[in-house]
């Protein structure tokens with residue numbers, strides 16, 4: 001077992017411990033466990049970064065190619081954005097009960113996927129690829145934060161007066177949670193737009209066209225339009241609360257499928273740098 005894999009399993013174990021503490025803290029109404037879960041989850045980022053460093057040194061490029069690297073980076077970014085939000089607003093720590101299970105599902109896919117490295121070929125050797133990947137990770141991480149807040153909103157709404165949900169009652173007021181979820185969705189929408197635009201520029205450099213209705217391109221546009229519809233429903237139609245939260249809950253799986261499912265299931269020119 002290589003040092004990289006040891007570090008990855010250490011990160012997964014730490015994230016799993018954080019997940020278990022979050023669930024136990026919410027179910028058994030232990031605020032101290034939730035606080036501990038936050039610090040344990042953040043600690044998991046240390047071996048995760050070490051695994052990135054080992055792989056980067058060996059492969060000669062950052063974690064931007066292949067399903068293994070993509071899912072690992074998406075999960076790391078999700079934890080980082082959640083950690084930053086919770087550091088700025090400690091009352092949001094309980095949202096980890098939603099965010100960390102999402103991270104664990106991503107990492108499960110990571111560890112069961114091929115881990116061989118992919119070479120930076122002439123088609124991939126573009127600065128726009130780096131911008132494209134960075135903004136896809138930022139978009140996904142903020143969408144996960146929006147999703148976590150939306151689920152927390154719905155859980156608290158449906159568990160008012162239930163003893164085990166007291167930790168959720170310590171979140172900010174429902175209208176604040178709803179507004180924060182929308183703000184993260186807006187940030188993700190803008191990041192996703194930059195991802196699409198930079199991807200189009202990269203595509204023109206590599207394949208001589210900006211847009212070709214490739215399955216990944218098409219699904220990326222679908223996800224962007226779904227979040228556009230979500231924002232339209234809030235800004236124009238005035239949707240708030242549970243209706244808005246449910247749209248966010250529906251949108252995240254579409255986003256994950258666009259990034260990770262399409263390259264595996266469909267014949268795409270993008271598949272080479274996602275699946276090898």
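Annotation: of all residues in segment 235-256 being more than 13 Å from residue 181 (Cα to Cα) and within 13 Å of the chain's Cα centre (by Cα), the one that is surrounded by the most Cβ atoms within 10 Å (Cβ to Cβ) is 255. Are any of the residues in segment 150-159 part of a helix (DSSP H, G or I), crowded, with 20+ Cβ neighbours inside 10 Å and under 15 Å from the mean Cα position of the chain (by Cα)? Within segment 150-159, one or more residues are part of a helix (DSSP H, G or I), crowded, with 20+ Cβ neighbours inside 10 Å and under 15 Å from the mean Cα position of the chain (by Cα).
Just one of the listed residues (241, 276) is in contact with a helix residue (DSSP H, G or I) (Cβ under 9 Å, 6 or more places away or on another chain), within 30 Å of residue 156 (Cα to Cα) and at pLDDT below 90, and it is 241.
In segment 21-33, the residue that is nearest to residue 143 (Cα to Cα) out of those that are buried (at least 23 other Cβ atoms within 10 Å of the Cβ) and touching a residue at least 24 places away in the same chain (Cβ under 8 Å) is 22. Condition check for residue 166 on (1) in contact with a helix residue (DSSP H, G or I) (Cβ under 8 Å, 6 or more places away or on another chain); (2) in a helix (DSSP H, G or I); (3) modelled with pLDDT under 95: one failure, at (1). May I ask you to verify whether residue 18 is crowded, with 24+ Cβ neighbours inside 10 Å and more than 25 Å from residue 257 (Cα to Cα)? Yes: the conditions hold for residue 18. Determine whether residue 58 is in contact (Cβ under 8 Å) with a residue 24 or more places away in the chain, over 18 Å from the mean Cα position of the chain (by Cα), closer than 26 Å to residue 133 by Cβ and part of a helix (DSSP H, G or I). It is true that residue 58 is in contact (Cβ under 8 Å) with a residue 24 or more places away in the chain, over 18 Å from the mean Cα position of the chain (by Cα), closer than 26 Å to residue 133 by Cβ and part of a helix (DSSP H, G or I). Within segment 208-230, restricting attention to residues that are over 13 Å from residue 258 (Cα atoms) and surrounded by 18 or more Cβ atoms within 10 Å (Cβ to Cβ), the residue that is nearest to the chain's Cα centre (by Cα) is 227. Can you find even one residue in segment 23-39 that is under 15 Å from residue 75 (Cα atoms), part of a helix (DSSP H, G or I) and out of contact with any helix residue (DSSP H, G or I) (no Cβ under 7 Å at 6 or more places or on another chain)? Among the residues of segment 23-39, not one is under 15 Å from residue 75 (Cα atoms), part of a helix (DSSP H, G or I) and out of contact with any helix residue (DSSP H, G or I) (no Cβ under 7 Å at 6 or more places or on another chain), which makes the answer no.
When each of 130, 81, 120 is tested for being under 30 Å from residue 209 (Cα atoms) and assigned to a helix (DSSP H, G or I), the lone residue that passes is 130. Here residue 63 meets each of (1) in contact (Cβ under 8 Å) with a residue 40 or more places away in the chain; (2) crowded, with 17+ Cβ neighbours inside 10 Å; (3) over 12 Å from the mean Cα position of the chain (by Cα); (4) on the phi < 0 side of the Ramachandran plot with one exception, condition (1). Given the criteria modelled with pLDDT of 95 or more, surrounded by 17 or more Cβ atoms within 10 Å (Cβ to Cβ) and farther than 28 Å from residue 67 by Cα, does residue 182 qualify? Against the criterion (modelled with pLDDT of 95 or more, surrounded by 17 or more Cβ atoms within 10 Å (Cβ to Cβ) and farther than 28 Å from residue 67 by Cα), residue 182 qualifies. Beta carbons closer than 6 Å, at least 6 apart along the sequence or on distinct chains, pair a first residue in segment 112-136 that is at pLDDT below 85 with a second that is buried (at least 17 other Cβ atoms within 10 Å of the Cβ) and part of a loop (DSSP other than H, G, I, E, B) for 118/65; 120/61.
The values are calculated or read from the model by the stated rules, or taken from the named source; none is laboratory data. These numbers come from a predicted model, not from an experiment. Cβ coordinates were reconstructed from backbone atoms using ideal geometry, including for glycine residues, and neighbour counts include every protein chain displayed.
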